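S.K.: Please read through the structure below; I'll follow up with questions.
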Amino acid sequence: MISLETALADGVADVEAAVAAWRAKFPKLWTKDKSLWTGAGEDRWLGWLDIVAREKRDLDALRAFADGVKRDGWRDVVLIGMGGSSLGSEVLAQSFGHRTGWPRFHALDSTSPDQIGTLESKLDLARTLFIVASKSGSTLEPNILKDYFFARAGNTGPRFIAITDPGSSMEKEAREKGYAHIFYGEPSIGGRYSVLSRFGLVPAAAMGLDVARLLASAGEMVARCKTDDLANNPGAMLGLSLGVLATEFGRDKITISASPSLVSVGGWLEQLIAESTGKIGRGLIPVDMEPLADPSFYGSDRIFLHVQLASENEPDALDALAKANQPVIRIVLQDVYELGQLFFMSEVAVAIAGAVLGINPFDQPDVETSKVKSRELTKAFEVSGKLPFGEPFFRFGGISLYADARNARALEGCNTLTDCLRAHFGRAKAGDYVALLAFIEQSKAHFDQLQVIRTRLRDKFKIATCAEFGPRFLHSTGQAYKGGPNSGIFVTLTAEPKQDIKLASGKMTFGIVQQAQALGDFEVLNERGRRAIRLHFEDVGQGLSQFGRALDAALA
């Protein structure tokens, strides 16, 4: 059974006081009482509280689907989704690994033409099953990706599966095009709370996992999270710890680490935490994949959350951090199927943390704002044939730097990229964080380069650092970056694609869509008064290298 161990340093007494104060309030979660939060309709989004019991009663459909996947001999399964519709499935695929005798699993949630092309080159389309996941059926990325691959697969409906809410436009299209299956989500469950519903379970069945065992594991945590004895309620204790440490001690950066088999858990937790809590100027900022370091590199704004598989070694850095009075929370799984417990415990925790913060943890207003901006830009492209890039503040070889008038004032007098980076990051102060927002292919090479850059920034300024790939992060941490506390320093990274790909409609390309998403997000960051610049690379590999060298000089 999963275990939760907290070493909260100076916050122990305050969390204990919160446990006593919240004992009377906690039952409101299970009676679905919106007054636990802001009273703004939160009760409409609590279907995840009892979804495990409902899914257990309907396992036969999932078993039949899994049997069919294996019988039909699919070589690959591609999940097309975005945000909560795909991140949980990606955790399951990476944590369990490929199951012998079952298809290889791929999650696609990017409009990067380079990333789409890389995936397509690995597929035998005639032997690939596509699962399209979208609650509303109106989300841009899944729609244009499914249209592209539907055409590439010969407009053959039986190669496609839909997971969507009843009555959505995707349900209608799936029926019209003869999709092999339509699985229904629960309208009272938001995307980021949907991993234990059909949105996570259908892909799990397709990759050969024991869905009954996963749900049984989750069910154990449901029972543990119902108790009013909050000291023995893992979800409540985790949520109160996160909420109290943030509100009372300013520890609002949740630094997530994990043992090797569970490293992808951070991406799912990142979305759950950021999109749920980062709004109206408040929030928890998740920091995923930042390498752990000596305590001297951290300020007093961190909580360290480590997810550990019991059979794997724990990093030595955790003990050093706890000894240095940094709050350390350990979650230990005995086996990988206890991910079901982790998912549910985390959902309860974030709901409770949201109540402590005084926000609605089930909406995402600033995600919608970015979507609107992106749509406006793509419509502008359809009319004029170009995107409104504007004039760069500076050009440095193959890199163009963009900044709005307010941010440009901070760069006055800069003559080199090094000067501009020194001025931009020189605005950092204690309690801030840096976020690198990369609208480029999510490859290992690019990830490694971003990791080097973020680590140098952390070591220099002793602030938290985030490295994100777009458009994925728009449906995740993007909410907190724009709606949460104004403590971020942002660099949006865009690049010319190596080879662009036309949409199935033929009206524009994936590269144009990705650029519109980047420009729309950058515009919203500026409207919200964020410290933000954008670097556009003519060549992504050379541009990242040049960025790294200029940063080294700026930090010297």
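The values are calculated or read from the model by the stated rules, or taken from the named source; none is laboratory data. Remember, predicted model here, so these are calculated numbers, not experimental data. So basically every Cβ, Gly included, is an ideal-geometry build from the backbone, and we count neighbours across all protein chains shown. For the accessible areas, the whole protein counts, side chains as well, though only heavy atoms, and no ligand, DNA or RNA atoms are used. Shrake-Rupley method; radii C 1.70, N 1.55, O 1.52, S 1.80 Å.
S.K.: Please state, as a whole number in µm²/s, the translational diffusion coefficient that the Stokes-Einstein equation yields for region 331-474 at 10 °C and 1.306 mPa s, with Rh defined as the Kirkwood radius across alpha carbon pairs.
M.R.: Numbers: Rh = 19.3 Å.
D, rounded to a whole number, is 82 µm²/s.
S.K.: Computed FRET efficiency, Cβ-Cβ of residue 498 and residue 391, R0 22 Å: what is it to the nearest 0.05? Before the final figure, lay out the partial values.
M.R.: Numbers: r = 26 Å, r/R0 = 1.16.
Here the calculated transfer efficiency is 0.30.
S.K.: Roughly how many percent of the accessible protein surface of region 475-556 is carbon and sulfur, given a 1.4 Å probe and a whole-percent answer? Display every interim value, and only then the final one.
M.R.: Values: 1210 of 2620 Å².
Roughly 46 percent of what the probe reaches on region 475-556 is carbon or sulfur.
S.K.: Where in the chain are the DSSP H helices whose C-alpha atoms run 24 Å or more along the long axis and whose mean Kyte hydropathy is at least -1.0?
M.R.: Correct list, ordered by number: 339-357, 365-384, 444-461, 510-527.
S.K.: Rounded, prolate or oblate: pick one for region 464-524, where a ≥ b ≥ c are the square roots of the eigenvalues of its C-alpha gyration tensor, a/c under 1.5 means rounded, and failing that, prolate if a/b is larger than b/c, else oblate. Could you put the intermediate results ahead of the total?
M.R.: Details: a/c = 2.81, a/b = 2.20, b/c = 1.28.
Taking the square roots of the gyration eigenvalues as a ≥ b ≥ c, region 464-524 is prolate.
S.K.: How big is region 435-545 along each principal axis, measuring the range of its Cα positions in Å and listing the largest first?
M.R.: Principal-axis extents of region 435-545 (Cα, largest first): 46, 30, 20 Å.
S.K.: List the pair-distance distribution P(r) of region 341-394, using every Cα-Cα distance, as the percent of pairs falling in each 10 Å bin from 0 up to the bin containing the longest distance, rounded to whole percents.
M.R.: Answer for region 341-394: a P(r) of 19, 25, 22, 17, 17, 0 percent.
S.K.: Along the charge dipole of the chain, Cβ charges K/R +1 and D/E -1, which of 284, 274, 420 sits furthest on the positive end?
M.R.: Value computed over the given set: 420.
S.K.: How big is the chain in terms of Cα radius of gyration and Dmax, in angstroms?
M.R.: Rg and Dmax of the chain, Cα atoms, are 22.8, 68 Å.
S.K.: Of the cross-linked pairs 279/371; 253/429; 28/279; 32/226; 379/482, which ones have a Cα-Cα span greater than 19 Å in the structure shown?
M.R.: Numbers: 279/371 16 Å; 253/429 14 Å; 28/279 22 Å; 32/226 13 Å; 379/482 23 Å.
28/279; 379/482, as the Cα separations exceed 19 Å there.
S.K.: Find the accessible area per residue for region 96-173; the probe is 1.4 Å, ligands and nucleic acids are left out, and the unit is Å².
M.R.: Details: 2790 Å² over 78 residues.
Result: 36 Å² per residue.
S.K.: Accessible surface of residue 169 in the full protein assembly, 1.4 angstrom probe, to the nearest 10 Å²?
M.R.: Ignoring ligands and nucleic acids, residue 169 comes out at about 60 Å².
S.K.: Another one. Quick check of the Kirkwood formula: for region 246-298, what is the inverse mean of 1/r over all pairs of different Cα atoms, in Å? Working shown, then result.
M.R.: Numbers: mean 1/r = 0.0826 Å⁻¹.
That comes to 12.1 Å for region 246-298.
S.K.: Can you tell me what share of the DSSP beta bridges in the chain is antiparallel? A percent to the nearest 5 is fine. Mind showing how you got there, number by number?
M.R.: Working: 14 of 68 bridges.
Given both bridge residues lie in the chain, the antiparallel proportion sits at roughly 20 percent.
S.K.: Next question. Can you tell me the length gained on complete extension of the stretch residue 120 to residue 58, counting 0.36 nm per residue apart and subtracting the Cα distance? Don't skip to the end; give the middle numbers.
M.R.: On the way: separation 62, 0.36 × 62 = 22.32 nm, distance 3.39 nm.
Contour length minus the Cα-Cα distance gives 18.9 nm.
S.K.: Let me ask you something else. Give, rounded to the nearest 20 debye, the magnitude of the charge dipole that region 55-174 has about its Cα centre when Lys and Arg contribute +1 at Cβ and Asp and Glu contribute -1 at Cβ. Each step should come with its number before you reach the end.
M.R.: Numbers: 15 positive and 16 negative charges, 84 e Å.
For region 55-174, the charge dipole is close to 400 debye.
S.K.: Here's a follow-up. Please give the length that would be gained between residue 405 and residue 556 if that part of the chain were fully extended, namely 0.36 nm times their separation in residues minus their C-alpha to C-alpha distance (nm, one decimal).
M.R.: Details: separation 151, 0.36 × 151 = 54.36 nm, distance 2.77 nm.
Going from the current span to full extension adds 51.6 nm.
S.K.: Which percent of Cα-Cα pairs in region 130-256 sits in each 5 Å bin, short to long?
M.R.: P(r) for region 130-256, in whole percents per bin: 2, 9, 15, 15, 14, 12, 10, 9, 7, 4, 2, 0.
S.K.: Cα extents of region 41-160 along the three principal axes, largest first, in whole Å?
M.R.: 44, 33, 28
S.K.: Right, something else. Just how large is the dipole of region 278-335 about the Cα centre, in debye to the nearest 20, putting +1 at every Lys and Arg Cβ and -1 at every Asp and Glu Cβ? If you can, show how the numbers build up before the last one.
M.R.: Working: 5 positive and 9 negative charges, 88 e Å.
My answer is approximately 420 debye.
S.K.: May I pose another question? By the scheme Lys and Arg +1, Asp and Glu -1, what is the net charge of all other residues having a beta-carbon under 11 Å from that of residue 469? Please list the in-between numbers first.
M.R.: Values: positive: 472; negative: 109, 441, 468.
Computed value for this residue: -2.
S.K.: What is the magnitude of the charge dipole of the chain about its Cα centre, with +1 placed on the Cβ of each Lys and Arg, -1 on the Cβ of each Asp and Glu, and no other charges, expressed in debye to the nearest 20? Please report the intermediate quantities before stating the final value.
M.R.: On the way: 63 positive and 67 negative charges, 166 e Å.
Roughly 800 debye, rounded to the nearest 20.
S.K.: Taking only the C-alpha atoms, wrap a convex hull around region 29-91 and report its volume per residue in Å³ as a whole number. If you can, show how the numbers build up before the last one.
M.R.: Details: hull volume 7.8 nm³, N = 63.
Each residue corresponds to 124 Å³ of Cα convex hull volume.
S.K.: Based solely on its DSSP helices, what 222 nm [θ] is calculated for the chain when runs of n ≥ 4 H residues each add -39,500 (n - 2.57) and the sum is averaged over all residues, nearest 500 deg cm²/dmol? Could you put the intermediate results ahead of the total?
M.R.: Numbers: 21 runs with 248 residues, N = 556.
So the calculated ellipticity at 222 nm is -14000 deg cm²/dmol.
S.K.: I'd like the distance separating the alpha-carbon centroids of region 138-175 and region 183-245, in whole Å.
M.R.: If you average the Cα positions of each part, the centres end up 27 Å apart.
S.K.: While we're here: Per-residue accessible area for residue 237 at 1.4 Å probe radius, Å² rounded to 10?
M.R.: Spelled out: residue 237, probe radius 1.4 Å, area about 30 Å².
S.K.: Specify whether the C-alpha gyration tensor of region 273-411 places it in the rounded, prolate or oblate class, a ≥ b ≥ c being the square roots of the eigenvalues: rounded for a/c under 1.5, otherwise prolate if a/b is larger than b/c and oblate if not.
M.R.: Details: a/c = 2.31, a/b = 1.69, b/c = 1.37.
Since a/c reaches 1.5 and a/b is larger than b/c, the shape of region 273-411 is classed as prolate.
S.K.: Summarise the long-distance tail of P(r) for region 487-556 by giving the % of C-alpha pairs beyond 16 Å.
M.R.: Values: 1430 of 2415 pairs.
Here the tail beyond 16 Å accounts for 59 percent of pairs.
S.K.: Restricting to Cα pairs below 8 Å that are 6+ residues apart, what does the relative contact order work out to for region 346-492? Please round to a whole percent. Could you put the intermediate results ahead of the total?
M.R.: On the way: 124 pairs, mean separation 35.5, N = 147.
For region 346-492, the relative contact order is 24 percent.
S.K.: Taking the chain as a whole, which cysteines find no other cysteine Cβ under 4.7 angstrom from their Cβ?
M.R.: For the chain, the answer is 225, 466, because their Cβ atoms have no other cysteine Cβ under 4.7 Å.
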